[in-house]
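Trainee: Mind looking over this structure? Questions follow.
The values are calculated or read from the model by the stated rules, or taken from the named source; none is laboratory data. This structure is a prediction, so every number in the text was calculated from the model and none was measured. Here the Cβ is made from the backbone with ideal geometry for all residues, glycine too, and neighbour counts use every protein chain on show.
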Amino acid sequence: MGVLLALGAWGAQAQPAASTLELDVEGKIGKTNDASHHAYHFTEAQLLALPVHSITTATTWTPRSTFTGPLLADILKTVGAYGTQVEFRTLDDYTYTVPVSDCDRYDVVVAYSMNGQRLKISDFGPLFLIYPRDAYPDELTGALGDSKFVWQIKALIVK
């Protein structure tokens with residue numbers, strides 16, 4: 001009996017960390033749903049309700065895969081963003097800023113799944129900023145291009 005309990009406990013610990021699908025957006029936004037923080041908090045249901053788009057591309061860290069989620073433009077539209085830049089903040093406190101104009105140029109996707117599987121924290125999740133790298137190899141390859149692929153996203157700051 002003790003062995004079974006030990007195996008059960010080990011199995012529970014061996015499971016990958018579940019990632020909560022949510023996103024906070026703040027900064028230069030016209031709509032909020034968290035007035036105390038002047039922010040818009042997207043729940044999982046709200047993110048999943050946005051129109052779904054896919055980009056099939058390779059990254060430096062993944063083979064050619066299909067990444068699915070809402071367009072960054074749809075997220076920004078939902079919150080009434082009026083800035084020119086978006087700073088991405090990640091679970092490990094990394095930050096990176098991209099121009100809002102990338103939304104129109106590349107149809108950037110904030111992916112929550114890869115090849116039909118929900119992204120886990122251990123696999124770039126819960127959210128991974130994806131550009132169509134294969135369609136724009138001259139612009140999105142190399143160190144500068146790689147830096148745009150931000151993963152483990154938890155928040156956006158519109159500037």
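Trainee: With the structure loaded, tell me whether ALA111 is surrounded by 17 or more Cβ atoms within 10 Å (Cβ to Cβ) and under 19 Å from GLU26 (Cβ atoms) or whether it fails that test. Quick ask: steps written out before the conclusion?
Mentor: On the way: surrounded by 17 or more Cβ atoms within 10 Å (Cβ to Cβ): yes; under 19 Å from GLU26 (Cβ atoms): no.
No, not satisfied.
Trainee: Could you identify the single residue in ASP74, ASP146 that is on the phi < 0 side of the Ramachandran plot, of a type outside the set (A, V, I, L, M), in contact with a Pro (Cβ under 8 Å, 6 or more places away or on another chain) and not in a loop (DSSP other than H, G, I, E, B)? Break it down into steps so the answer makes sense when it comes.
Mentor: On the way: ASP146 fails: in contact with a Pro (Cβ under 8 Å, 6 or more places away or on another chain).
Criteria check complete, one pass: ASP74.
Trainee: Considering only segment 1-11, I want to know if a residue exists there that is modelled with pLDDT of 95 or more and more than 17 Å from ILE121 (Cβ to Cβ).
Mentor: Our first condition is that a residue be modelled with pLDDT of 95 or more; within segment 1-11, this holds for none.
Scanning segment 1-11 turns up no residue that is modelled with pLDDT of 95 or more and more than 17 Å from ILE121 (Cβ to Cβ).
Trainee: Would you mention how many residues in segment 92-130 are at pLDDT below 95 and among the aliphatic types (A, V, I, L, M)?
Mentor: 1
Trainee: Can you confirm whether LEU91 is out of contact with any helix residue (DSSP H, G or I) (no Cβ under 6 Å at 6 or more places or on another chain) and crowded, with 18+ Cβ neighbours inside 10 Å? Give the steps one after another, and end with the answer.
Mentor: Values: out of contact with any helix residue (DSSP H, G or I) (no Cβ under 6 Å at 6 or more places or on another chain): yes; crowded, with 18+ Cβ neighbours inside 10 Å: no.
So LEU91 does not fit the description; no.
Trainee: Within segment 25-39, does at least one residue satisfy the condition of being outside any loop (DSSP other than H, G, I, E, B), touching a Phe, Trp or Tyr at 6+ places or on another chain (Cβ under 9 Å) and at pLDDT below 95?
Mentor: Residues of segment 25-39 that are outside any loop (DSSP other than H, G, I, E, B), as a first pass: 25-27, 29, 34-37, 39.
Among the residues that remain, those that are also touching a Phe, Trp or Tyr at 6+ places or on another chain (Cβ under 9 Å) are: 25-26, 29, 34.
Now drop any that are not at pLDDT below 95, which leaves 34.
Looking for residues that are outside any loop (DSSP other than H, G, I, E, B), touching a Phe, Trp or Tyr at 6+ places or on another chain (Cβ under 9 Å) and at pLDDT below 95, one finds at least one in segment 25-39, hence yes.
Trainee: Separate question: Going by what's in this entry, would LYS77 be described as at pLDDT 95 or above, touching a Gly at 6+ places or on another chain (Cβ under 9 Å), more than 18 Å from ILE153 (Cα to Cα) and among the charged types (D, E, K, R)?
Mentor: Working: at pLDDT 95 or above: yes; touching a Gly at 6+ places or on another chain (Cβ under 9 Å): no; more than 18 Å from ILE153 (Cα to Cα): yes; among the charged types (D, E, K, R): yes.
So LYS77 does not fit the description; no.
Per-residue answers, yes or no, for (1) surrounded by 15 or more Cβ atoms within 10 Å (Cβ to Cβ); (2) under 16 Å from VAL108 (Cβ atoms); (3) touching a residue at least 12 places away in the same chain (Cβ under 8 Å):
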| site | (1), (2), (3) |
| --- | --- |
| PHE42 | yes, no, yes |
| LEU48 | no, no, yes |
| PRO51 | no, yes, yes |
| ARG64 | no, no, yes |
| LYS77 | no, yes, no |
| TYR82 | no, no, yes |
| VAL86 | yes, yes, yes |
| THR95 | no, no, no |
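Trainee: Hey, can you tell me all the residues within segment 21-40 that are surrounded by 12 or more Cβ atoms within 10 Å (Cβ to Cβ) and of a type in the set (Ser, Thr, Tyr)?
Mentor: THR32, TYR40
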